[in-house]
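One structure is given below, represented as structure tokens, and several questions about it will come after.
The values are calculated or read from the model by the stated rules, or taken from the named source; none is laboratory data. Keep in mind it's a predicted model, so treat the numbers as computed, not measured. Glycine gets a Cβ as well: all are built from the backbone with ideal geometry, and neighbour counts include every protein chain shown. To get the accessible areas, we keep the full protein, side chains included, count just its heavy atoms, and leave off ligands, DNA and RNA. Shrake-Rupley method; radii C 1.70, N 1.55, O 1.52, S 1.80 Å.
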Amino acid sequence: MKKKIILLVFMLISYVAESQYNDLFWLSVGPYSNNLLNYNNVGRVDFCESNSSVEKIYFGANSGGFWIYDKSKDTVFCTSENIPGGVSRIVINPNDSLNVFAVFGFYANGVKKNMGYSYGLFSSNDGGYTWQKKSLPILAEMLIEIKDIVFDVFNPQKIYALATDRIYYSSDTGNSWQLMKFKPKTNEEFLQIFSMDNGSLVVSGKNCLYFSNERQNKWENKLPDFLQQNSLVKISRSENKLWVAVYNENEKEDFILITSNLGESFEIKRQNLSFKKYVTFIKAFNDSIVFCGGLYLKYSKDGGNTFLNVKGSTHLDVRDVFFPEKNDYSKLYLANDGGLFYTENLGVKWTLISTESLYDCYTVSVSDEDSCVILTGAHDNGSFLMNRQGKWSHILGGDGSAVYTDKKGENMLAYVNKDLKSGTNGKTWKSTKVKNSLFGVKPLHHLTYDSLYYSSTFSKSKNMFAVVKSTDFGKTFQSSDNALGYCWGIITAMEISSGNDEILYFSGFDLWDGKYFNLQQVKVKNGKVTQYELLDERTNKRLFISDIHLDKKNEQLWITFGGFEKNKKIWKSENEGSSWIDLTFDLPNVPVYAVYYNDNLDLLLIGNDYGVFYLENNKWKKFGKNLPAIAVTDFDINDVTNELYISTYARGIWKIQLPVK
């Protein structure tokens, strides 16, 4: 009887502990445009489209899902909270405006070290409110990116899905799929597909502009020969013309090509469109008016002879435009790296549609106060600071990355455009002359309540990257010629022990051979610095180590992996890296970006493409409620309020109140 009671009590305690985590609630913190000083943006939007009535505008956030703007109610909401990834393409069935298709996935970017993949093709039969996954035969680890989808002109039951190196087609509206026997050449990559009136297909991409015959079994690259090397090609259709926009690296020029006979001949126009090594789209309004996007948005109203800048500047890096009225090209929706905007006068005045936070944030850092300071760095949108009154401000422009604030919220560091800057109270920023040349990495670390900061920079004298130390809250750093440790590349993750004897761990990317280097350990004792390479049969494979974490007693060490190798998501060491325990268990085979351990709760968390997970009884479970299925890139804790903060590569900063042990 006594044993039964003890067992029952143990079961109840276990249930309560698990229920505590299941009932915890995530809250979005921002930054929001309606609570943000001096910056009228919300984050990257890749695609915009509309239903036939133009009452609902669909748009895809870069990493943060499918959104609907209901014009009649002036509301914006996400309908894909449980589907991982952003939306790179939206297409509507021409015979049924409620039948919407969308490609969900993760594009190749800094946080992924250029390993993008599509999560799947989804369809909706109620105008984008609910979604069903189609049986497209792709898995995350296959690293297949679906770039475009299109309905067949003659048969709306037939759909084409274009990947970078293959074409799928379905004859039953996406329920089953087949693979075409046509692939690009070694130096080519597919990006866009069109179905033509004669039954043929047109495919554009890197170094190619393919036209098929009517039976779609013969293909010919009709891109002019001088453009078939180092070119990026995008296409669009008007009533009688096929428009082609090309940026060619060899010529260092932009080209507009126009054909009225399926590529048999081209009218070639050279234009200075400021694509700047890439062109995002070309979109024809009619046979005379065409818009082109790249770094800027430009348009022509004379058939492509001359191009003008669209007025106003909402944000660089234009992704898409959509015209709500067929007879008025001055009214348009614009998707760019700052959000979704609308103009009724060709850019004289722009209106930001959504106030939701869609920022792709790399890191988060918070102070230890009841009303804390929050700092974050966002891809393509600089760095942001939330003050103690809860107001956000845009503190540094350019490309944001790693950030840190001390626990008093006074001394701060932020990487912007690969340059490390130090600031006081988020106001006075100066360059530290410390540089790191990869976005989305964590090349920076500081000790809680301490003036010691660590970063990485390049040493010219040694022709290597160096780990350098600061003893004045990051205002100045030691010389790279007398550093703590050296490596052959960019440091992507770093961790330091909190004991008297300094133990530093770091890993990164070898610029010399293009591979990741093994986990490094640096020990500092009595002024003597010793560097070790932590090797065993597994770490010697030189995998991408995305994060490193030590517990407060320096007894447990965790590393996470950002690749797609099974059973290589998170490892643990209890002997300073001499041996490892694999804790991957049932984690999905997607990259893990961050790890956090709470000593008080004995709680281990990881952040991956699907959210935050905690480990219990050798099983990984979703942590808390209300967090969308989004990529989580970093953790930080406010030890005073016991609130845990995360940065997401999709929807800004979120927080959750942890239980008290």
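Which one is nearest to V42 (Cα to Cα) among residues in the range 647-661 that are in a strand (DSSP E or B) and not charged (D, E, K, R)? Steps first, please.
Quick first cut of the range 647-661, residues in a strand (DSSP E or B) only: 647-649, 652-657.
Keeping just the survivors that are not charged (D, E, K, R) gives 647-649, 652-654, 656-657.
Numbers: S647: 15, T648: 14, Y649: 13, G652: 9, I653: 12, W654: 15, I656: 22, Q657: 25 Å.
Residue satisfying both the conditions and the ranking: G652.
Read through the list (1) touching a Gly at 6+ places or on another chain (Cβ under 8 Å); (2) touching a residue at least 40 places away in the same chain (Cβ under 8 Å), then give the number of the only condition that L543 fails.
(2)
Hey, does the range 532-546 have a residue that's buried (at least 19 other Cβ atoms within 10 Å of the Cβ), part of a strand (DSSP E or B) and modelled with pLDDT of 85 or more?
So the first thing to find is which residues in the range 532-546 are buried (at least 19 other Cβ atoms within 10 Å of the Cβ), and the list is 534, 539, 543-546.
Retained after the next criterion (residues that are part of a strand (DSSP E or B)): 545-546.
Now drop any that are not modelled with pLDDT of 85 or more, which leaves 545-546.
Yes - at least one qualifying residue is present in the range 532-546.
Starting from the range 368-397, take each residue that is touching a residue at least 12 places away in the same chain (Cβ under 8 Å) and list its partners that are open to solvent by less than 20 Å² (accessible area, probe 1.4 Å) and charged (D, E, K, R), counting only C-beta distances under 8 angstrom and pairs at least six apart or across chains.
D368/K407; A378/D360; H379/D360; D380/D337; D380/D360; N381/D337; N381/D360
Where the second residue is open to solvent by less than 10 Å² (accessible area, probe 1.4 Å) and part of a loop (DSSP other than H, G, I, E, B) and the first is in contact (Cβ under 8 Å) with a residue 12 or more places away in the chain and aliphatic (A, V, I, L, M) and lies in the range 633-653, which pairs have Cβ atoms under 6 Å and are six or more apart or on separate chains?
Partner pairs satisfying both residue conditions: L644/L658; A650/S63; A650/G64; A650/I630; A650/A631.
Right, here's the next one. Out of all the residues in the range 67-74, is one or more over 22 Å from the mean Cα position of the chain (by Cα), within 20 Å of V153 (Cα to Cα) and surrounded by 20 or more Cβ atoms within 10 Å (Cβ to Cβ)? Break it down stepwise before answering.
Going residue by residue through the range 67-74, those that are over 22 Å from the mean Cα position of the chain (by Cα) are 69-74.
Now narrow it down to the ones that are within 20 Å of V153 (Cα to Cα): none.
No, because not a single residue in the range 67-74 is over 22 Å from the mean Cα position of the chain (by Cα), within 20 Å of V153 (Cα to Cα) and surrounded by 20 or more Cβ atoms within 10 Å (Cβ to Cβ).
Answer yes or no as to whether N567 is polar (S, T, N, Q), crowded, with 17+ Cβ neighbours inside 10 Å and more than 21 Å from E81 (Cα to Cα). It would help to see each step written out before you state the result.
Details: polar (S, T, N, Q): yes; crowded, with 17+ Cβ neighbours inside 10 Å: no; more than 21 Å from E81 (Cα to Cα): yes.
It is false that N567 is polar (S, T, N, Q), crowded, with 17+ Cβ neighbours inside 10 Å and more than 21 Å from E81 (Cα to Cα).
Conditions: (1) within 17 Å of the chain's Cα centre (by Cα); (2) open to solvent by 20 Å² or more (accessible area, probe 1.4 Å). P31 meets all but one. Number of the miss?
Just one mismatch for P31, condition (2).
Here is a further query. If only one of E267, E249 is surrounded by fewer than 20 Cβ atoms within 10 Å (Cβ to Cβ) and either hydrophobic (A, V, I, L, M, F, W, C) or closer than 24 Å to T164 by Cα (or both), which one is it? Full working, then the answer.
On the way: E267 fails: either hydrophobic (A, V, I, L, M, F, W, C) or closer than 24 Å to T164 by Cα (or both).
None of the other options fit; the residue is E249.
Out of F291, F281, F323, report the one residue that is touching a Cys at 6+ places or on another chain (Cβ under 8 Å) and within 14 Å of S236 (Cβ to Cβ).
Working: F291 fails: touching a Cys at 6+ places or on another chain (Cβ under 8 Å); F323 fails: touching a Cys at 6+ places or on another chain (Cβ under 8 Å).
Checking each option against the conditions leaves just F281.
Is it the case that V590 is touching a helix residue (DSSP H, G or I) at 6+ places or on another chain (Cβ under 6 Å) and in contact (Cβ under 8 Å) with a residue 24 or more places away in the chain?
Numbers: touching a helix residue (DSSP H, G or I) at 6+ places or on another chain (Cβ under 6 Å): yes; in contact (Cβ under 8 Å) with a residue 24 or more places away in the chain: yes.
Yes: the conditions hold for V590.
Sort out for me the strands (runs of 3 or more DSSP E) sitting completely within the range 570-646 that have 1 or more residues that are open to solvent by 20 Å² or more (accessible area, probe 1.4 Å).
Working: elements: 570-573, 592-598, 603-608, 611-616, 619-622, 632-638.
In the range 570-646, 570-573, 592-598, 611-616, 619-622, 632-638 are the strands (runs of 3 or more DSSP E) which contain 1 or more residues that are open to solvent by 20 Å² or more (accessible area, probe 1.4 Å).
On to the next question. Among the residues of the range 487-512, what is the count of those that are more than 29 Å from the chain's Cα centre (by Cα) and open to solvent by 30 Å² or more (accessible area, probe 1.4 Å)?
Summing the residues that are more than 29 Å from the chain's Cα centre (by Cα) and open to solvent by 30 Å² or more (accessible area, probe 1.4 Å) in the range 487-512 gives 5.
Could we say that T79 is at pLDDT 95 or above, surrounded by fewer than 22 Cβ atoms within 10 Å (Cβ to Cβ) and not aliphatic (A, V, I, L, M) here? Before the answer, list the steps.
Details: at pLDDT 95 or above: yes; surrounded by fewer than 22 Cβ atoms within 10 Å (Cβ to Cβ): yes; not aliphatic (A, V, I, L, M): yes.
So T79 fits the description; yes.
Another question, if that's okay. Out of all the residues in the range 104-126, is one or more at pLDDT 90 or above, part of a loop (DSSP other than H, G, I, E, B) and not charged (D, E, K, R)?
yes
Those residues that are part of a strand (DSSP E or B), modelled with pLDDT of 75 or more and at negative phi, I need them from the range 419-454; list them, please. Walk me through how you get there before you give the answer.
Residues of the range 419-454 part of a strand (DSSP E or B): 419-424, 428-435, 444-446, 453-454.
Then keep just the ones that are modelled with pLDDT of 75 or more; that gives 419-424, 428-434.
D419, L420, K421, S422, G423, T424, T428, W429, K430, S431, T432, V434, listed by residue number.
Looking at S176 and the list (1) of a type in the set (G, A, S); (2) more than 25 Å from K158 (Cα to Cα); (3) open to solvent by 30 Å² or more (accessible area, probe 1.4 Å), which single condition is not satisfied?
Of (1) of a type in the set (G, A, S); (2) more than 25 Å from K158 (Cα to Cα); (3) open to solvent by 30 Å² or more (accessible area, probe 1.4 Å), only one is false for S176: (2).
Sticking with this one: Which numbered condition trips up L24, out of (1) under 20 Å from S80 (Cα atoms); (2) open to solvent by 10 Å² or more (accessible area, probe 1.4 Å); (3) at pLDDT 90 or above?
(1)
Still on this structure: Considering only the range 300-315, I want to know if a residue exists there that is in contact with an Asp or Glu (Cβ under 8 Å, 6 or more places away or on another chain) and farther than 14 Å from S236 by Cα.
Checked against the condition, which is being in contact with an Asp or Glu (Cβ under 8 Å, 6 or more places away or on another chain) and farther than 14 Å from S236 by Cα, the range 300-315 yields at least one hit.
Are any residues in the range 68-87 without any contact (Cβ under 8 Å) to a residue 12 or more places away in the chain and basic (K, R), and if so, which ones? Steps first, answer last, please.
Initial filter on the range 68-87 (without any contact (Cβ under 8 Å) to a residue 12 or more places away in the chain): 73-75, 77.
The answer is K73, and nothing else.
In addition: Got at least one residue in the range 144-154 being surrounded by fewer than 18 Cβ atoms within 10 Å (Cβ to Cβ), basic (K, R) and either at pLDDT 85 or above or outside any loop (DSSP other than H, G, I, E, B) (or both)?
Checked against the condition, which is being surrounded by fewer than 18 Cβ atoms within 10 Å (Cβ to Cβ), basic (K, R) and either at pLDDT 85 or above or outside any loop (DSSP other than H, G, I, E, B) (or both), the range 144-154 yields no hits at all.
Here's a follow-up. Got a sec? Which of L627, L604, L658 is farther than 22 Å from N62 by Cα, under 26 Å from the mean Cα position of the chain (by Cα) and among the aliphatic types (A, V, I, L, M)? If you could, list the steps in order and put the result at the bottom.
On the way: L627 fails: farther than 22 Å from N62 by Cα; L658 fails: under 26 Å from the mean Cα position of the chain (by Cα).
Being farther than 22 Å from N62 by Cα, under 26 Å from the mean Cα position of the chain (by Cα) and among the aliphatic types (A, V, I, L, M) holds for just one of L627, L604, L658, which is L604.
Test C361 against the stated conditions and say whether it is part of a loop (DSSP other than H, G, I, E, B) and open to solvent by less than 30 Å² (accessible area, probe 1.4 Å). Quick ask: steps written out before the conclusion?
On the way: part of a loop (DSSP other than H, G, I, E, B): no; open to solvent by less than 30 Å² (accessible area, probe 1.4 Å): yes.
Here the answer is no, as C361 does not meet what is asked.
Also, quick follow-up: Before we move on, is T355 touching a helix residue (DSSP H, G or I) at 6+ places or on another chain (Cβ under 8 Å), in a loop (DSSP other than H, G, I, E, B) and open to solvent by 50 Å² or more (accessible area, probe 1.4 Å)? Spell out the reasoning first.
On the way: touching a helix residue (DSSP H, G or I) at 6+ places or on another chain (Cβ under 8 Å): yes; in a loop (DSSP other than H, G, I, E, B): yes; open to solvent by 50 Å² or more (accessible area, probe 1.4 Å): yes.
The answer is yes for T355.
May I ask you to say which residue of L227, L139, L143 is among the aliphatic types (A, V, I, L, M) and at positive phi? Give the steps one after another, and end with the answer.
Values: L227 fails: at positive phi; L139 fails: at positive phi.
Selected residue: L143, the only one of L227, L139, L143 that is among the aliphatic types (A, V, I, L, M) and at positive phi.
Condition (residue is closer than 18 Å to V403 by Cβ, at pLDDT 75 or above and not small (G, A, S)) applied to the range 477-487: is it met by at least one residue?
Narrowing the range 477-487 to residues closer than 18 Å to V403 by Cβ: 477.
Narrowing the set further to residues that are at pLDDT 75 or above leaves 477.
This time we only want the ones that are not small (G, A, S), so: 477.
Within the range 477-487, one or more residues are closer than 18 Å to V403 by Cβ, at pLDDT 75 or above and not small (G, A, S).
With S288, S300, S330 as the choices, which residue is open to solvent by less than 50 Å² (accessible area, probe 1.4 Å), of a type in the set (S, T, N, Q) and within 18 Å of A245 (Cα to Cα)?
Numbers: S288 fails: open to solvent by less than 50 Å² (accessible area, probe 1.4 Å); S330 fails: within 18 Å of A245 (Cα to Cα).
After ruling out the rest, the residue left standing is S300.
Select from the range 650-661 the residues that are on the phi < 0 side of the Ramachandran plot and modelled with pLDDT of 95 or more and write down the one among them that is surrounded by the fewest Cβ atoms within 10 Å (Cβ to Cβ).
Per the criteria, the residue is Q657.
Looking at the range 189-208, can you tell me whether even one residue there is part of a strand (DSSP E or B), in contact with a strand residue (DSSP E or B) (Cβ under 6 Å, 6 or more places away or on another chain), open to solvent by less than 30 Å² (accessible area, probe 1.4 Å) and aromatic (F, W, Y)? Lay out the reasoning, then the answer.
So the first thing to find is which residues in the range 189-208 are part of a strand (DSSP E or B), and the list is 189-195, 201-206, 208.
Now restrict to residues that are in contact with a strand residue (DSSP E or B) (Cβ under 6 Å, 6 or more places away or on another chain): 189-195, 201-206, 208.
Adding the requirement that they be open to solvent by less than 30 Å² (accessible area, probe 1.4 Å) leaves 190-191, 193, 195, 201-205, 208.
Okay, now just the ones that are also aromatic (F, W, Y), so 190.
Checked the range 189-208: at least one residue is part of a strand (DSSP E or B), in contact with a strand residue (DSSP E or B) (Cβ under 6 Å, 6 or more places away or on another chain), open to solvent by less than 30 Å² (accessible area, probe 1.4 Å) and aromatic (F, W, Y).
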